[in-house]
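Okay, so here's the structure we're looking at.
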Amino acid sequence: MLISGGDMFANGPVIYRYDLATSTWSAAKYAFGSGGRRFRQPAVWTGSELITWGGRGSNAMDLDNGERYNPLSDQCKDVKQFGESRSDHTAVWSNERMVVWGGSHDGAARATGAIYDPIYDQWSPMSNIGTPSARATHTAIAAGDKMIVWGGRNGLNYFADGGIFDVAGNTWQPLPDAGLLSPRYAHTAIWTNKEMIVWGGRGQGFLNDSARYNPATQAWTLLPATNAPEARTHHTAVWTGTEMLIWGGLEGNTASASGARYHRDSNTWTPMTEQNAPSARWSHSAVWANDRMLVFGGNDADRSFNDLSQYRPGPPPSPQVFGDGFE
């Protein structure tokens, strides 16, 4: 697992590496591109490199640069500038390209994006025909050779629509508001290799409803509410291959240490145990690694965290056990 950036990185290395096999951390030795430290930036994994672009720097100004980090060589290269700085945008890896879209530039939401080719270190413009309206704090997921954008906000305007971008064809297809989910931002979205699942976020209050979208049939399906997590935002969602795991986040003004598992085949929620769970937090990171979810960092009202915990679901409906936390 690679950890990059964050708003507490005033000093120290930009990138840290965690080895799951040995349970050890190491600082990347040469992970210093010219872009410097940043936060509120997305990152993509290409299969061999971690690419970060944009976000905000130590002076809280939006950035128009990025880095490519190769963990095998422990080397970092600069990413060519795009031409417009931004933060709170999204980035996905699709069709051997990084696709960047939306976000905020000097406080104004954007409806533009670009496609980055790491082989040639070149950006190419995305089509603006049929693009979703300008927004930030939306979600974007890679669905094969396409990117699906949904939700987000532009000032006090919240959205329940989006668009589907064909990376190879450089074309947009609208994703209209189906009326099942209310407009929202700071939600999560995951891809199951067949469907996009949207959960939670904030709109007219904190939300805990969810729906699945199948791009092949263009159909939305609501998820059940029984045993779903409490309404929240700034949580994490990961896909295990059979289940979506929701954990942590901000429930109103209170950090959460709870979560739940959504099993796609049975269409049911199962609460996650809170025994040995990490401290309540929001804006943390979570990834699925082999047979477990790794949870790192985050904040509560008083502090930021740098601990890591692991969660092994086990086959439902057996009890779930969090592994020991460690720093």
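Can you give me the convex hull volume of the Cα atoms of the chain, divided per residue and expressed in Å³?
Details: hull volume 42.5 nm³, N = 327.
Once divided by residue count, the hull of the chain is 130 Å³.
With +1 assigned to the C-beta of every Lys and Arg and -1 to the C-beta of every Asp and Glu, and no other charges, what is the dipole magnitude of the chain about the Cα centre in debye, to the nearest 20?
Working: 26 positive and 31 negative charges, 40 e Å.
In debye, rounded to 20, the chain gives about 200.
List the pair-distance distribution P(r) of region 250-294, using every Cα-Cα distance, as the percent of pairs falling in each 5 Å bin from 0 up to the bin containing the longest distance, rounded to whole percents.
Cα pair-distance distribution for region 250-294, in percent: 5, 16, 21, 29, 19, 8, 2.
When you have a sec, figure out the Kirkwood radius of region 151-208 from all distinct Cα pair distances and drop it here in Å to one decimal? Could the numbers behind the result be given before it?
On the way: mean 1/r = 0.0804 Å⁻¹.
Every distinct Cα pair counted, the radius reaches 12.4 Å.
With a cut-off of 17 Å, note down the residues of region 230-258 whose backbone N falls inside the zone around a label point 7 Å from the Cα of L180 toward its beta carbon.
Answer for region 230-258: 244.
As an exercise, identify the trypsin sites (Lys or Arg not before Pro) in region 179-214 lying in DSSP coil whose Cβ has no more than 16 other Cβ atoms within 10 Å.
On the way: sites: R184, K194, R202, R212; in loops: K194.
Hits after loop and neighbour filter: K194.
Considering only the other residues whose Cβ falls under 10 Å of the Cβ of A186, what net charge follows from Lys and Arg at +1 and Asp and Glu at -1?
On the way: positive: R153, R184, R202, R232; negative: D88.
Once positives and negatives cancel, what remains is +3.
Above 18 Å lies some portion of the pair distances; for region 80-180, what is it as a whole percent of all C-alpha pairs? Walk me through the intermediate numbers first.
Numbers: 2126 of 5050 pairs.
Tail fraction, whole percent: 42.
Quick note: the coordinates plus some simple rules give every number you see, no bench work behind them. Quick caveat, the model's predicted, so the values are computed rather than measured. Note that each Cβ is placed from the backbone with ideal geometry, even for glycine, and that neighbours are counted across all protein chains shown.
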